[in-house]
Amino acid sequence: GNRHTDRGKEREDEARNLYAMRHDVEPDRVAFVRNGNCGCSPDSFVGVGGLEIKDVLPHRQIERLHEGTLPPEHRWQVIGSLLVCEDREFWDFVSHSRGLPLFEVRVQRDNVKAELAEFREGIDKFCAERDKLVTWIGAMW
């Protein structure tokens, strides 16, 4: 952690509450979610979807509001959350900076099927290589 992650943790509830008011929903806080050989820690579940919240500095928020797209540095986190939480239809990415509008992007499961398959394939490949390595090292004892 650092001062930015500490600030984000302090302001996450503020962003969640703004999102809840905007959409007239009650986000459900959840702990770590595990599904087979992978897992994630969503910031909340919202109805049939999920929620990822980031608190950012004002200049970054202005960039996001201007760009209007899911920031590439968070794309795989959102897709990974959809992969783990198979029963969720969408994942909302929310960026928050005090004094500026919320930035929101909804990622629909149906629109990222290829990325979900790619991620699943990568995880399975990694786990197979890990298992092979563990077996190989175990045989040395």
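The values are calculated or read from the model by the stated rules, or taken from the named source; none is laboratory data. Every value quoted in this text rests on a predicted model; they were computed, and no experiment measured them. Using ideal geometry, Cβ is built from the backbone for each residue, glycine included, and neighbour counts are taken over all protein chains shown. Just so you know, the surface numbers come from the protein's heavy atoms only, side chains and all, with ligands and any DNA or RNA stripped out. Shrake-Rupley method; radii C 1.70, N 1.55, O 1.52, S 1.80 Å.
Per-structure values
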quantity	calculated
Calculated from backbone phi, Karplus (6.51, -1.76, 1.60) coupling profile of the range 39-50 in Hz, x at Gly/Pro	x, 7, 10, x, 6, 6, 9, 9, x, 9, x, x
Value of relative contact order over the range 58-110, rounded to a whole percent, pairs C-alpha under 8 Å and six or more apart	38
CD proxy at 222 nm, helix term only [per DSSP H run n ≥ 4: -39500 (n - 2.57); per residue of the chain; nearest 500]	-16500 deg cm²/dmol
C-alpha long axis of helix 72-84 to longest principal axis of the chain, angle in °	60
Potential extension, ARG22-ALA114 segment - 0.36 nm per residue separation minus Cα distance	30.0 nm
The chain: angle of helix 113-138 to the longest principal axis, Cα-based, in degrees nearest 10	40
Extension gain from HIS66 to VAL134, taking 0.36 nm per residue of separation minus the Cα-Cα distance	19.8 nm
Heavy-atom surface of the range 88-141, accessible at 1.4 Å and reported per residue (Å²)	68
Rg over Rh [alpha-carbon atoms, Kirkwood Rh] for the chain	1.06
Ranked packing of 22-35, 58-71, most packed first, by mean Cβ within 10 Å	58-71, 22-35
Angle between the chain longest axis and helix 58-67 axis [Cα atoms, degrees, rounded to 10]	80
Over the chain, relative contact order from alpha-carbon pairs under 8 Å, at least 6 apart, %	21
Spatially proximal lysines relative to LYS54 (Cα-Cα < 28 Å; intrachain offsets below 8 disregarded)	LYS9, LYS113
Accessible surface of the chain, 1.4 Å probe, proportion on carbon and sulfur as whole %	54
